[in-house]
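Here is the structure we will look at, set down as structure tokens.
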Amino acid sequence: MPVSPQEMGRRLRAARESCGMTQEDVARRLGVSRPTVAQMELGNRASTSIELDKLAYLFGRDIREFVADSFEEEDALAVLFRAEPEIANHEDVADSLRACIALGREVTNLEGLLGIDRDLAGAVTYEVVAPRSRWDAIQQGERAAEQERRRVGLGWAPAPPLPELLETQGVRTGIVDLPEEISGITISNQSAGLFIVANRQHAPARRRFSFAHEYAHVLFDRRMKGIVTRSSDRDELVEVRANAFAAAFLMPPEGIRQFVNALGKGQPSRAIAQVFDEAGAVQAEGRAAPGSQDIQLYDVVHLAHYFGVSRLAALFRLRNLKLLTQAELDEMKSADEGGYGLELARLLNLPDVEEADSADGFRHRVLNMGLEAYRRELISRSKLGELASLLSMDNEEIQKLLRQAGLPDGN
């Protein structure tokens, strides 16, 4: 049954208000007057198809939601904007998140056209009781990290670039310019799917940690629809749990110990062993040379590079695993802050996290599916161009891509 003008107006008003936008905000983005927007919301003035498409994008919605039989008045982006007015009022940030949602929705549509069942490779959910203390939160995070590593077949090896790994679990990723205090955002959207966004302003190693942190929110907290991770909230139990998960997922205990042992370190300074032959036992004692087991800053630099984390994250992980004393951590942390760690990394030719972990989300997947849908004539050349524009590709780039793929341009 067609949606009446009055019902369409009500839906537009509800979508606007749920995003915390005023009629003036909408009018400015549409290029019309505020009274025109008011008339649309009253049902006295119909929206054109172009206007409705712009409004859907502005509200982070699929245009089909406005003409469907039923209408959900709040979605993930609306919840996020209402809870975080700083983000909603920061136009560049809000637009970046809208673009992510729009791109995720296009991927979902392409998956449907190509017959790809995204539920076959979806992220699991870890159902646990709410942590009652920081210790509970840490234990939950570390246990889940161990289970998740085992589930995705990582063993004790360093994790691959996280955008690629997360994509295999049905989680979209993006990199967006965010305020300094915000390291990441997790969004659960019905039509766009699960989305993780990391802060472009942060260093690659920190972004990698943020992806792992937000993945914990996907596994534990997706019912919340929208989660913003701020450094000022690190004491909250869900954030403690997510940080514990990220550290254990990126730096598994056994992997750390194997790495340190391969350096000839990490063993007790004094060890005792007994050999038993049913009749009795023979005891032997071994002592390491004084200072030979002490981990040095250059070891930390090497370890951080190997696991793709910051030197600071590596230091705290070593401390938590009791491979460093608090005094040793404090001393090396101070040295690293003084620039010694960075200089050691340069001299040892151990650069920070590679750009593979800084790739702009799932761009390659969007292009691959778009080309495949175009090859099968499931989408038009103009639709392929729309997808390319969402990826900031111009017409010349898409023409070159089609030539390289051996597909007709169709223009």
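The values are calculated or read from the model by the stated rules, or taken from the named source; none is laboratory data. Just so it is clear, the structure is predicted and the values come from calculations on it, not from any experiment. Here the Cβ positions follow ideal geometry from the backbone for every residue, glycine too, while neighbour counts run over all protein chains shown.
Surrounded by fewer than 24 Cβ atoms within 10 Å (Cβ to Cβ), closer than 17 Å to residue 145 by Cα and not assigned by TED's automatic domain parsing to the domain that holds residue 60, is that true of residue 222? Answer is yes for this residue.
Here residue 69 does not qualify as within 34 Å of the chain's Cα centre (by Cα), buried (at least 17 other Cβ atoms within 10 Å of the Cβ) and modelled with pLDDT under 90. Could you grab me the full set of residues in the stretch 91-107 that are touching a residue at least 24 places away in the same chain (Cβ under 8 Å) and of a type in the set (Asp, Glu)? Answer for the stretch 91-107, where residues must be touching a residue at least 24 places away in the same chain (Cβ under 8 Å) and of a type in the set (Asp, Glu): 92, 106.
Within the set 61, 29, the sole residue that is closer than 30 Å to residue 181 by Cβ, among the basic types (Lys, Arg) and modelled with pLDDT under 85 turns out to be 61. Here the stretch 192-218 is the region considered, the condition is being more than 17 Å from residue 313 (Cα to Cα) and over 12 Å from the mean Cα position of the chain (by Cα), and the residue that is surrounded by the fewest Cβ atoms within 10 Å (Cβ to Cβ) is 201. Screening the stretch 371-411 for residues that are within 26 Å of the chain's Cα centre (by Cα), outside any helix (DSSP H, G or I) and not hydroxyl-bearing (Ser, Thr, Tyr) and picking the one that is surrounded by the fewest Cβ atoms within 10 Å (Cβ to Cβ) gives 393.
Counting the residues of the stretch 263-303 that are modelled with pLDDT of 90 or more and either among the polar types (S, T, N, Q) or surrounded by fewer than 13 Cβ atoms within 10 Å (Cβ to Cβ) (or both) gives 1. Of all the numbered requirements in (1) of a type in the set (Ser, Thr, Tyr); (2) within 21 Å of residue 156 (Cβ to Cβ); (3) at pLDDT below 90, residue 306 misses one, and that requirement is (3). For the stretch 2-87, the helices (runs of 4 or more DSSP H) that sit wholly inside it and include 1 or more residues that are among the β-branched types (Val, Ile, Thr) and touching a residue at least 60 places away in the same chain (Cβ under 8 Å) are 76-83.
Considering only the stretch 315-322, I want to know if a residue exists there that is in a loop (DSSP other than H, G, I, E, B), free of Cβ contacts under 8 Å to residues at least 24 places away in the same chain and touching a Ser or Thr at 6+ places or on another chain (Cβ under 8 Å). Among the residues of the stretch 315-322, not one is in a loop (DSSP other than H, G, I, E, B), free of Cβ contacts under 8 Å to residues at least 24 places away in the same chain and touching a Ser or Thr at 6+ places or on another chain (Cβ under 8 Å), which makes the answer no.
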